[in-house]
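Visitor: Dropping a structure here in structure tokens format, bear with me for questions.
The values are calculated or read from the model by the stated rules, or taken from the named source; none is laboratory data. Just so it is clear, the structure is predicted and the values come from calculations on it, not from any experiment. Using ideal geometry, Cβ is built from the backbone for each residue, glycine included, and neighbour counts are taken over all protein chains shown.
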Amino acid sequence: MITQLYTKYQSNTEKHRTFIATHRNDIDLSAMYKPLEDVFIQIGEGKDGGKDDPVFTLKKAEEQVIENYIDARDMALVWGKANVDKDGKPKIYEAETGRPIISSDGLIAQLERFATKFVFSKLTVAYFQKALATLVAKSIKPTGNTYMFLVNTRLWNEVNTVLDRWLTEHKTDGAVLYSKAANGYVDLGATYHSYEFAGNKVVFKVERTFDVEYPTRNYGVMVDLTEDGISNKPAMEMLTFKGGQFIHNWIVGVGGRSGLDSGEVSSRVAGSHIVAWGYAGLAMYNPYRSVIFLGEDTGNPLF
């Protein structure tokens with residue numbers, strides 16, 4: 001009798017759909033604004049050869065529109081939600097041209113579908129341990145993992161309070177909590193950058209965009225950003241077109257770019273229009289390895 005043994009290897013592959021969206025910010029400036037950017041008002045008092053004369057400047061238009069574009073794009077990459085249905089059709093169209101307007105899922109929208117969620121009224125170290133255990137169960141290695149914990153300002157303060165209390169309860173003292181300088185003054189307290197338990201570590205990082213959505217409650221996301229062990233592909237990346245991540249355009253009116261230029265212009269208006277725009281989308285390749293922390297709503301952004 002001949003016995004044949006077969007080993008069947010199984011693999012599970014999922015497809016998650018996301019989109020690359022357009023992000024755009026515009027700004028208008030008059031021809032008079034541009035030459036006054038560097039020195040808007042100078043109050044001359046004649047002291048010390050004019051070195052102490054107060055000078056008031058205007059925000060440079062190009063810097064302002066670029067900052068607004070980066071902020072808007074970053075907020076969309078974190079909090080954006082796709083407006084495309086299951087058939088691939090967007091729900092919003094431009095009224096005048098009928099052009100489809102596509103928005104993409106950001107980091108939170110992709111994580112919320114699959115993340116383990118902890119809702120709490122009082123944060124304790126036990127929640128860190130449970131979150132680490134949850135992520136380790138979905139990781140390749142049982143130890144040696146490092147996870148990122150993105151928190152809003154409220155939760156960052158709460159994390160430091162909890163870990164400070166944990167050290168106190170374990171009777172930890174010495175240079176960890178205070179030090180005495182040569183002048184006799186004492187520096188008290190500490191900032192807690194990470195927490196380690198059972199061979200795995202979580203590193204804390206403040207994410208200010210979380211403050212916009214959750215100003216009155218603790219909010220944080222613990223994610224595994226370890227790259228793929230075979231392909232070295234990152235756990236999360238921004239997608240765009242080649243050369244399309246940032247595009248800068250001008251519509252030049254009377255006065256030109258400097259407000260004092262001669263030559264051909266594109267508008268009879270004494271001013272210009274600046275556009276900062278680009279294409280960007282975000283892909284989280286393994287949203288299952290994530291934990292969301294959500295505290296109760298206190299109704300107060302301070303405590």
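Visitor: Taking region 270-302, which residues are more than 18 Å from the chain's Cα centre (by Cα), of a type outside the set (Ser, Thr, Tyr) and crowded, with 21+ Cβ neighbours inside 10 Å?
Guide: Ala276, Arg289, Gly295
Visitor: Among the residues of region 120-142, count how many are assigned to a loop (DSSP other than H, G, I, E, B) and free of Cβ contacts under 8 Å to residues at least 24 places away in the same chain. Even if it seems obvious, please write down each step before you answer.
Guide: Here is the first cut: in region 120-142, the residues assigned to a loop (DSSP other than H, G, I, E, B) are 121-124, 137-142.
Now drop any that are not free of Cβ contacts under 8 Å to residues at least 24 places away in the same chain, which leaves 122, 137, 141.
Number satisfying all stated conditions: 3.
Visitor: When both residues are 6+ apart or on different chains and their Cβ atoms are under 7 Å apart, which pairs have a first residue that lies in region 54-68 and is more than 16 Å from Pro35 (Cα to Cα), and a second that is modelled with pLDDT of 85 or more and of a type in the set (Ser, Thr, Tyr)?
Guide: Correct list of pairs: empty, since none qualify.
Visitor: May I ask you to list the residues in region 18-35 that are in contact with a strand residue (DSSP E or B) (Cβ under 8 Å, 6 or more places away or on another chain), closer than 21 Å to Asp261 by Cβ and assigned to a loop (DSSP other than H, G, I, E, B)?
Guide: Residues satisfying the conditions are Ala31, Tyr33.
Visitor: All but one of (1) part of a helix (DSSP H, G or I); (2) farther than 30 Å from Asn200 by Cα; (3) in contact with a helix residue (DSSP H, G or I) (Cβ under 9 Å, 6 or more places away or on another chain) hold for Val159; which doesn't?
Guide: Condition (2) is where Val159 drops out.
Visitor: Given the residues Val212, Val221, which is the only one that is part of a strand (DSSP E or B), within 30 Å of Phe120 (Cβ to Cβ), touching a residue at least 60 places away in the same chain (Cβ under 8 Å) and not aromatic (Phe, Trp, Tyr)?
Guide: Working: Val212 fails: part of a strand (DSSP E or B).
Within the list Val212, Val221, the selection yields Val221.
Visitor: If Gly263 satisfies all but one of (1) free of Cβ contacts under 8 Å to residues at least 24 places away in the same chain; (2) under 22 Å from Ile66 (Cβ atoms), what's the number of the condition it fails?
Guide: The number of the failed condition is (2).
Visitor: Is at least one residue of region 181-188 small (Gly, Ala, Ser) and either outside any loop (DSSP other than H, G, I, E, B) or under 22 Å from Leu132 (Cα atoms) (or both)?
Guide: Applying the first criterion (small (Gly, Ala, Ser)) to region 181-188 yields 181-182, 184.
Remaining after also requiring either outside any loop (DSSP other than H, G, I, E, B) or under 22 Å from Leu132 (Cα atoms) (or both): none.
The answer is no; no qualifying residue exists.
Visitor: A further question on this structure: In a strand (DSSP E or B) and modelled with pLDDT under 90, is that true of Asp261? Give the derivation first.
Guide: Numbers: in a strand (DSSP E or B): no; modelled with pLDDT under 90: yes.
Criteria not met by Asp261.
Visitor: Among the residues of region 108-136 satisfying the criterion of being touching a helix residue (DSSP H, G or I) at 6+ places or on another chain (Cβ under 8 Å) and crowded, with 16+ Cβ neighbours inside 10 Å, which is farthest from Asn160 (Cα to Cα)? I'd like the intermediate steps shown before the answer.
Guide: Restricting attention to region 108-136, the residues satisfying the condition of being touching a helix residue (DSSP H, G or I) at 6+ places or on another chain (Cβ under 8 Å) are 108-109, 116, 118, 120, 123-125.
Checking which are crowded, with 16+ Cβ neighbours inside 10 Å leaves us with 108-109, 116, 118, 123.
Working: Ile108: 24, Ala109: 27, Thr116: 23, Phe118: 19, Leu123: 11 Å.
Residue satisfying both the conditions and the ranking: Ala109.
Visitor: Can you pull out every residue in region 224-258 that is among the aromatic types (Phe, Trp, Tyr) and either assigned to a strand (DSSP E or B) or surrounded by fewer than 12 Cβ atoms within 10 Å (Cβ to Cβ) (or both)?
Guide: So in region 224-258, the residues among the aromatic types (Phe, Trp, Tyr) come out as 241, 246, 250.
Scanning region 224-258 gives Phe241, Trp250.
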